[in-house]
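Remarks on the structure that follows.
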Amino acid sequence: MDLVNGYTLMSYAKKNHLVLPAFNTTNYEMTLAIIKAFDEMKLGGYIQISSHNLKLSSPEIIANMTREVMVRENISTPIGLHLDHGKSFEDVKRCIDAGFTSVMVDASELPFDDNIQEVKRAADYAHYFGIPVEAELGGIRGKEDDHVSDVNAKTHPEDVLNFVEKTGCDTLAVAVGNVHGLDLTPNLDFPLMAKVAEASPVPLVLHGGSGIPFDQVRRAKENNLIKVNYGSDLRKAYIKTFGQAYDENHNEFNLYGVAAKGIQNVIETATTIIKEVNVKEVGIL
Ligand SMILES: [Zn+2]
């Protein structure tokens, strides 16, 4: 099947009581591995790429490649293509035009009112094409691609309703002690997350899944969590394959062999995450 629209994917998650993993891709091998992992587990989710990683290719290359793999591999599991940390209106527009099925607008570093304005502008455009929008409120600490954020601003529950209503966002990425990357230790603040969930008319998104113990992700599911992002774990699995190959043989030049092993390692890491996040639901679909 083709990529699935973001709203359809949200309904699928709700109907089946799933938290959808969202895995970051960068290139062909990562994309193929992520799609195969979802399909092997017969549980849907997101492939996503950030504005920063799109500099290595383009929205068009990523969208065309993802759709080609979906059709060629005869995939029957619902998968969406999401723009992660969309840094500008132009990026959001280009990804939607290229065929992405949902987008994130990341203007969380701007003052509150400017964040609202940026998200609303992108949401108005996205909604015209039937595409849902994720926005971020609060600052998620840690390393997101090459960008290091020291902002330690958790999401304020009292801002949530106002923000969601004014922006028209469809999901909300929250800062509740979760962090980007593997350099900092996450410490989820569950009472805060519960307050944010209660105040939010839309489902929540957790960034920085790689460092969070699986039992905590499952617990977070009780707080209207619909999507959890995994970037570092899969990247590490892929990069490690190349490092090990080079360590074993400094004259290694079998790129196909090493890349194929890398794909296998990413599939294994992704399937473990898919199983652990939705442990009760695996096999029931
Ligand atoms: Zn993130």
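Just so it is clear, none of the values below were taken in a lab; they were calculated from the coordinates. This structure is a prediction, so every number in the text was calculated from the model and none was measured. Here the Cβ positions follow ideal geometry from the backbone for every residue, glycine too, while neighbour counts run over all protein chains shown.
Farthest toward the positive end of the dipole of the range 6-277, out of 103, 65, 211, is the Cα of 65, where the dipole comes from beta carbon charges about the Cα centre. Which pairs break 28 Å Cα to Cα here: 55/143; 236/275; 93/240; 14/42; 14/143? Table pairs above 28 Å Cα-Cα are 93/240; 14/143.
The angle between the Cα long axis of helix 59-72 and the main principal axis of the chain comes to about 60°, on a 0 to 90 degree scale. Placing +1 on each Lys and Arg Cβ and -1 on each Asp and Glu Cβ, with no other charges, gives the chain a dipole about its Cα centre of roughly 680 debye. Note on residue 240 and residue 27: with the Förster distance fixed at 22 Å, the Cβ-Cβ geometry gives a FRET efficiency of about 0.90. Taking the Cα atoms only, what angle lies between the long axis of helix 157-167 and the longest principal axis of the chain, rounded to 10 degrees? On a 0 to 90 degree scale, this one is about 80.
Candidates 229, 197, 267 compared by Cα position along the dipole of the chain: farthest toward the positive end lies 267, with charges placed on Cβ. Peptide packing for 162-172, 41-51, 23-33, 107-117 was compared via the average number of neighbouring C-beta atoms within 10 Å per residue; ordered from the highest value, the list is 41-51, 23-33, 162-172, 107-117. In this simple spin-label approximation, residue 255 and residue 73 carry label points 7 Å from Cα along the Cα→Cβ vector, and these lie 2.1 nm apart. Tell me, rounded to the nearest percent, the portion of alpha carbon pairs in the range 6-277 spaced more than 26 Å apart. Tail of P(r) above 26 Å: 38 percent of Cα pairs.
Within the range 6-277, antiparallel bridges make up roughly 10 percent of the DSSP beta bridges whose residues both belong there. Label separation (residue 112 vs residue 61): 4.1 nm, computed from points 7 Å beyond Cα along the C-beta direction. Between the helical axis of 89-98 and the longest alpha-carbon principal axis of the chain there is an angle of about 50 degrees. Working note: Karplus 6.51/-1.76/1.60 with θ = phi - 60° gives the range 131-143 the couplings 10, x, 10, 9, 10, 10, 10, x, x, 8, 6, x, 9 Hz, where Gly and Pro are set to x. Approximating the spin labels as points 7 Å out from Cα along Cα→Cβ, the residue 165-to-residue 89 distance works out to 2.5 nm.
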